[in-house]
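Contents: one structure, followed by commentary.
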Amino acid sequence: MSETYTLHVAGLTRELPICAINEHLSIAAFIMFSDVELTVA
């Protein structure tokens, strides 16, 4: 199972996948495109 980061914003919760950039750095990928509920909130 892949790792995720839980994001709470505008009363909504999203599980963001954690993506490795290199062996020392990983980021949570946050893409708002097509998330109508989050865009409206």
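Applying a DSSP loop filter and a limit of 13 other Cβ atoms within 10 Å to the GluC sites (Glu not before Pro) in the chain leaves E3, E23.
Across the chain, the mean sequence separation of Cα contacts (distance under 8 Å, 6 or more residues apart), normalised by length, yields a relative contact order of 30 percent.
Where does the chain land at 222 nm, in deg cm²/dmol rounded to the nearest 500, when only DSSP H runs of n ≥ 4 count, each adding -39500 (n - 2.57), divided by all residues? Provide the component values of the computation, followed by the final result.
Values: 1 runs with 5 residues, N = 41.
Helices in the chain give a 222 nm mean residue ellipticity of -2500 deg cm²/dmol.
[x] 146; [y] 86; [z] 77: which one is volume of the Cα convex hull per residue in Å³ as calculated from this entry? Comparing each candidate, only [z] matches the computed number.
Spacing of the modelled spin labels on Y5 and C19, each 7 Å from Cα toward Cβ, amounts to 1.2 nm. Whole-Hz Karplus values for region 24-29 come out as 10, 9, 10, 10, 8, 7 Hz, taken residue by residue from phi with 6.51 cos²θ - 1.76 cosθ + 1.60 and θ = phi - 60°; glycine and proline positions read x.
Each value in this text was obtained by applying a stated rule to the coordinates, not by laboratory testing. Fair warning: this is a prediction, and the values are worked out from it, not measured in the lab. Every residue, glycine as well, gets a Cβ built from its backbone with ideal geometry; the counts of neighbours run over all protein chains shown.
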